[in-house]
Each structure stands twice: as structure tokens, then as C-alpha cells.
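Worksheet: the structure to be examined is printed underneath.
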């Protein structure tokens, strides 16, 4: 008996990686998110100017963000782990008897 959920999944016919366009879009999205974090850090530093240690901490955190964003955006994405659903047809045996094996 086959699992109905498993039967509904498409059969994986290739081990190909993501397309270049998909990978580029994901990398751009990560870059934009990291660069978007820099602006709130700087604004919060200006808001908390009366608490010097907090303002300086937020500024120090915002300084390496562009460098880290470029490094992370230029890094390749990790391979996607998938539960592989490969086609396995009914394999019937032609002969059911044991065959002698010659080890050499």
C-alpha cells in the first residue's frame, strides 16, 4: 500500500541546483534585508543620543553591516535539502533462483 501523500508528490528527476535567477533573487533579498537593518540602527542611535553607551553601541553595530551584507550576498546559497521522491516502478524478477557468485 502506498502512502497517499507520498504519491501526490512530484517525482524528482534531477539533482540540479536552483536556477541562476532564483539564486540571484534570494541573494538580493538577503542583501536588502541586511542593508535595511542599518537605517533603523542609525535612527535608534540618534533617538538614544542621551544614553551614550546605547547610541555608540547601535552605531558600532551599523558600521560593519554593509561589509557583512556584501559578503553574505556574494556567498552561494546552501544546497536545498529535499526529501527525494524518486520513481520506483514495479520490478519483477525474471528468475527466483539463487545464482552462483564467483569471487575473484
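The values are calculated or read from the model by the stated rules, or taken from the named source; none is laboratory data. These numbers come from a predicted model, not from an experiment. All Cβ positions, glycine included, derive from the backbone under ideal geometry; neighbour counts span all protein chains shown.
Here's the yes/no breakdown for (1) in a helix (DSSP H, G or I); (2) modelled with pLDDT of 85 or more; (3) touching a helix residue (DSSP H, G or I) at 6+ places or on another chain (Cβ under 7 Å); (4) surrounded by 13 or more Cβ atoms within 10 Å (Cβ to Cβ):
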| residue | (1), (2), (3), (4) |
| --- | --- |
| 32 | yes, yes, no, no |
| 41 | yes, yes, yes, yes |
| 82 | no, no, no, no |
| 101 | no, no, no, no |
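Yes/no matrix, rows are residues, columns are (1) modelled with pLDDT under 90; (2) in contact with a helix residue (DSSP H, G or I) (Cβ under 9 Å, 6 or more places away or on another chain); (3) exposed (fewer than 13 other Cβ atoms within 10 Å of the Cβ):
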position	(1), (2), (3)
9	yes, no, yes
16	yes, no, yes
20	yes, no, yes
27	yes, yes, no
45	no, yes, no
51	no, no, yes
69	yes, yes, no
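When you scan region 45-63, how many residues do you find that are more than 21 Å from residue 34 (Cα to Cα) and part of a helix (DSSP H, G or I)? Step through it out loud before you land on a result.
As a first pass, look at region 45-63 and keep what is more than 21 Å from residue 34 (Cα to Cα): 48-53.
Subset that is part of a helix (DSSP H, G or I): 52-53.
Total satisfying the criteria: 2.
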